[in-house]
Structure formats: structure tokens, C-alpha cells
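Derivation of every value follows stated rules applied to the coordinates shown; laboratory data play no part. In this text the structure is predicted, and so the values were computed from the model without any measurement. Note: ideal-geometry Cβ built from the backbone for every residue, glycine included; neighbour counts use all protein chains shown.
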Amino acid sequence: MSTIHHPSDVIDPVLYSTLREYAADAELIGRLHDEQLHIIYQQKWFNLFVPQQYGGLGLSLPEALRIEEALAWTDGSVGWTVTLCSGANWFVGFLAPSAAASLYGNRKVCLAGSGKPSGIAQVTDSGYLVNGQWNYATGALHATAYTTNCLIQKNGEQLLDANGHPLYKSFWFYPSEVTIHKNWHTIGMIATSSTGFSIKDVHVPFERSFVLEPGKAVLPDPVFHFPFLQFAEVTLAVNFAGMAARFLDLTQDIFEERQKHPNTRQEVAPPFESMLRQAQRLLRDARKRFYQAVDQSWQSMVSSQSVSDELLQAMSTTSRALAAISREQVDGLYPYCGMAAADPSTPINRVWRDLHTASQHALLNYPLE
């Protein structure tokens, strides 16, 4: 798995061409186009980590990351939606078997949700009474179930965990139990339909709660035994890399086209070409370090069923570096791409908007030291 290919090598050209064909229409309707979703369902991309026994692909983490990066290179909204929804579908490893069988029997299964503990779950004799509101649930408009994090209370008092911190758990809900709020108004990632939703006085049994910790996984597959933090970091990081790679590809197209029709105002000077080559090299090197860290951690998990703190830290460090380098290289080249880069109808502008919207996600929003 150590070879670092261009993202275009990972997905069938017919598929990524079709996905791109509908990208502009997807922005207009504010969600993934039905033709895009058809491909995603057909390829089982929402089920990258779901075991084959539940109809998924059951991929390793390194394999899935390369697909997510390639999809982000294909189209930012497609890559981000697949990443977030397949990440939520990863929860299959922590659900009660009866719940997993119920949810994942649908080939279009797509869990959407929020990690923010902005709900309250009151303990009752038979389960929990849940109320709350959550923002930014990617894929909300085509989700088959919704997940939340809730603070746990009993008799109106906040419960604490073993370390004295406020106790919270994760829950899942049927579409009929949630109210969608179409409040996703951003410059990019428009087709991810990352709207908010709320829940009011919904009672769920104890089996609808779960805890996202490696020791709480109910399935044996190695992917379910990574800490959720590093799992989330690496899956988001490849989206930055994929979008940055696409931006650099489009920048190269612009520079090459100018060279065919040079004039005093648009001639691509050697420094510009040098900037592009340097950006490509920096991104390639960051991707190489990132995948080396991921592959080493995966090999450790498979061979010894554990990952050292040192390897986990390497995953976190290279994820944040990859995200930062991706942003920096795009922003360094943007001013030299001409008015096409500022036109919202162009692919290069869409990539720029998607990347800068994704960059607002707090998990990897750190500058390089």
C-alpha cells in the first residue's frame, strides 16, 4: 500500500466523469444529484467500512482512504458526503446486532448526524427521552437514519463518567423522528446538503444508544478498533488532499492554455511554472508522509490488534499537515489563475469554494507550526 498514486488512478474514468457531469446541477438543487447517488449506491461507497455480512465493502482503512481522496478529487461535495456518510456508517461496528441488521438491510443506507453533544437524553425506566438540535449533518436530505450525541441526565441532573466529566452517548433515529432545518447556506460544499435537524420528545430504547470507543466495538474488524479521533482526522484529511490535487490539475491546464496563446498580459512566466511544480511536490510529499503513517498504523492494528500512542500521534500530525499544506498550495496559486478562478460557474472556482468551506471544520483547522 506504500505506492502513492495520483487520485485519478483509483476510480474508473467513466465514473468520475459522470460524477463531475452532474456537479453543477447538484449545486443548483442543494444536494447530490440522483445520478451521482445512483453511482454511489451501485459502488457501495457509503458502505466502505461496513462488513460484507451487512452488504458493505468491508475495506481496510488505507483502501477506503484512497477512494475517499479520489472522490474528493472528482468533486468536493461527492467526496465529502461519501466520507462523512461512510464515516457514520462505520458506526455499524458499535451498534447492537439487531439495530445493525435493521439499518443496513437497506442498500441505500446512509447515516447523517453531528458529533456535537447538543442534545439532552433523560434516562427513563425503558430508555431515554431525547431533545435537541444539531447543525451540519452532511447528507441529511437523503439519509436513512440520523445520529446524535447527547448529554445524559437523570431526574434533571447531569450524570458524570468515571473521570468526572459530563457523560454523553451517541444515539440513532429514524427519519420520521427528526425535523430537518434547511439552514445550509455556504459558498461551497453546497451539494452536501449539510443541513441541521432537531428532535423533540422522542423516546428511544436503551439499544438505540452506543459508545464510540475501541473497547466498545461489537464487531471484530480492525477498522472498528481505531480511536475515533484518528479515524475522523485521516478521513477528513484526504478530502483536503483530493481537492488540492484537483485544483493543481486545473491550474496546470490554465497555465498550459496560456502558453498556447501568449501575450504580454497572460504569458506564464517561469516563476509561475516553478510555483506550480513546487506546490505539486509539497502536496505529493505530504501525501506520502500521511499514507506512510496510516499504513504503518494499519499494519500494527492487523498484526497486534493495537496501535501505539506514537503511531496514533503520527496519524494526527500528518493529517493536520496534509490539510494545511493543501490549503496553502491552493491559496498560493489562486491569484495567478485568472478570472476563471473567480467565476462560480467554473470547476476551478467550485474546487476553491469547496476547499475553503471544508477548511472551516474545526478538527483539522490548524496552521503549520
Item to check | Overall Cα dimensions of the stretch 209-320, principal axis frame, Å, largest first | outcome: 65, 29, 17
Checklist entry - Taking the Cα-to-Cβ direction at D25 and at S98 and moving 7 Å from each Cα, how far apart do the two end points lie in nm? => result 4.3 nm
Item to check | Residue among Y16, W73, G215 farthest towards the positive dipole end of the chain, charges placed on Cβ | outcome: G215
Next on the checklist: Run through the stretch 30-108 and list the trypsin sites (Lys or Arg not before Pro) located in a DSSP loop whose Cβ has at most 13 other Cβ atoms within 10 Å.
Outcome noted: R107, K108
Checklist outcome for this item: Residues other than P13 with Cβ under 13 Å of its Cβ, Lys/Arg counted +1 and Asp/Glu -1, net out at -2
Checklist outcome for this item: tail above 20 Å in the computed P(r) of the stretch 1-84, as % of all Cα-Cα pairs, reads 31 percent
Item to check | Contour minus Cα-Cα distance for R284 and D221 (0.36 nm per residue) | outcome: 19.7 nm
Next on the checklist: Sort 221-228, 156-163 by packing, meaning the average of other beta carbons within 10 Å per residue, with the highest value first.
Outcome noted: 221-228, 156-163
Checklist entry - log10 I(q)/I(0), Debye, Cα-only the stretch 322-368, no solvent, q = 0.16, 0.21, 0.32 Å⁻¹? => result -0.44, -0.71, -1.19
Next on the checklist: Restricting to Cα atoms and excluding each atom paired with itself, what does the Kirkwood estimate give for the stretch 101-188 in Å?
Outcome noted: 14.3 Å
Checklist entry - Hey, quick one: spin label on D253, modelled 7 Å out along Cα-Cβ, who in the stretch 321-342 has an amide N within reach, i.e. under 19 Å? => result 330-331, 333-342
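Looking at the calculated P(r) for the stretch 296-347, what percent of the C-alpha pair distances fall above 16 Å?
Working: 807 of 1326 pairs.
Tail fraction, whole percent: 61.
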Next on the checklist: With only alpha-carbon atoms in the gyration tensor, what are the semi-axes of the equivalent ellipsoid for the stretch 111-154, in Å, largest first?
Outcome noted: 22, 11, 6
Checklist entry - With each label point set 7 Å from Cα along the Cα-Cβ vector, what nm distance links D34 and T179? => result 2.9 nm
Item to check | Over the chain: Rg over Rh, Cα atoms, Kirkwood Rh | outcome: 0.99
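Calculate, in nm to one decimal, what Q158 and S303 gain on full extension: separation in residues at 0.36 nm each, minus their alpha carbon distance. The partial results should precede the final answer.
Numbers: separation 145, 0.36 × 145 = 52.20 nm, distance 4.06 nm.
Taking Q158 through S303 to full extension adds about 48.1 nm, to one decimal.
In deg cm²/dmol and to the nearest 500, what is the mean residue ellipticity at 222 nm of the chain if only DSSP H runs of at least 4 residues count, each as -39500 (n - 2.57), divided by the residue total? Write down the numbers at each step before the final one.
Details: 10 runs with 166 residues, N = 369.
Roughly -15000 deg cm²/dmol at 222 nm, from the helical runs in the chain.
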